[in-house]
Amino acid sequence: MRLNKYIARAGVCSRRKADELTLRGDVKINGKVIKTPGADIGDGDVVEVNGRAVAPVRKSVYILLNKPKGYITTVSDEFGRPTVMELTGDIEGRVFPVGRLDADTTGMLIMTNDGDFANAVAHPAGEMRKTYRARVNGAVSKERLARLRRGVNVDGRMTAPADVTLVRQSAAGAVVDIAIHEGRNRQVRKMFDAVGNKVIDLQRTAIGDIRIGGLKPGHWRKLSKSEIDSLIGNKGE
Ligand code: URA
């Protein structure tokens with residue numbers, strides 16, 4: 001197996017990232033730095049990435065987690081906050097999060113041990129559609145909905161057109177469904193800030209065509225083959 005595929009299959013990173021690490025001299029085969037991403041790895045070869053021995057996992061695992069509030073979507077946290085890894089410890093094979101959700105955001109998070117799949121799904125060029133349900137304070141007027149749809153200035157740059165639906169408006173605030181194709185940092189919260197509403201609760205309800213359904217917070221399920229295919233083949237509408 002080629003070195004970059006071997007590293008991706010070990011769940012370390014994507015093949016492309018493995019190429020970078022290899023060219024940078026971060027990869028050793030049998031104790032020797034090798035800078036050839038296409039080097040052939042045979043039985044008995046020991047591959048190390050940044051000093052850690054890695055080995056391909058035989059089976060690829062793809063899951064959908066309903067992330068509860070307060071969990072961080074990283075593998076470890078320097079401040080000791082709980083991470084999504086604690087919710088998936090019972091899964092055979094180590095899976096890692098695909099993309100990010102803020103600690104305060106709940107809902108759909110895909111996790112896998114397949115580095116190439118993670119890269120294909122999370123890469124901005126893929127423009128994967130992500131749908132959120134936001135509970136916000138105050139009134140979301142027609143004019144604000146139109147601005148959210150058209151694009152608003154976030155961190156000095158306009159957001160791309162979004163699908164925005166007002167689900168409910170009450171005296172206490174509004175519930176809005178918003179589907180975006182970008183994945184900028186705290187994007188939905190910042191979009192509402194830009195039109196004058198504050199997000200109180202945010203849940204990711206769909207990624208591409210996959211919906212969270214009745215999955216309980218803190219629980220996970222395996223993705224079906226057709227769901228996995230839809231994530232790779234179908235990037236939005
Ligand atoms: N937008 C946000 O503001 N937060 C998230 O976690 C995801 C999208």
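The values are calculated or read from the model by the stated rules, or taken from the named source; none is laboratory data. Note that the coordinates shown come from a computational prediction; the quantities given were computed from them, not determined experimentally. With ideal geometry, Cβ positions are generated from the backbone for all residues, glycine too; neighbour counts draw on all protein chains shown. Protein only, heavy atoms only, side chains kept; ligands, DNA and RNA dropped before computing areas. Shrake-Rupley method; radii C 1.70, N 1.55, O 1.52, S 1.80 Å.
Against the conditions (1) open to solvent by less than 70 Å² (accessible area, probe 1.4 Å); (2) more than 12 Å from the ligand (Cβ to nearest atom); (3) outside any loop (DSSP other than H, G, I, E, B); (4) touching a helix residue (DSSP H, G or I) at 6+ places or on another chain (Cβ under 9 Å), where does D177 fall short? Just the number, please.
Result: D177 passes all but (4).
Could you check the range 190-204 and list, in sequence order, the residues that are surrounded by fewer than 19 Cβ atoms within 10 Å (Cβ to Cβ) and either in a strand (DSSP E or B) or near the ligand (Cβ under 9 Å from one of its atoms) (or both)?
Hits for the range 190-204 are K190, I200, D201.
Would you mind stating whether G93 is under 19 Å from K222 (Cα atoms) and assigned to a loop (DSSP other than H, G, I, E, B)?
yes
Only residues in the range 74-92 that are open to solvent by 60 Å² or more (accessible area, probe 1.4 Å) count as the first member; pair them with residues that are part of a helix (DSSP H, G or I), Cβ under 9 angstrom, at least 6 apart or cross-chain, and list the lot.
These pairs meet every condition: V75/V84; V75/M85; S76/M85.
Go through the range 90-102 and give me each residue that's farther than 16 Å from G183 by Cβ and either within 16 Å of the ligand (Cβ to nearest atom) or not aliphatic (A, V, I, L, M) (or both).
D90, E92, G93, R94, F96, listed by residue number.
Residues of the range 196-237 being at positive phi and without any contact (Cβ under 8 Å) to a residue 12 or more places away in the chain, which ones?
G213
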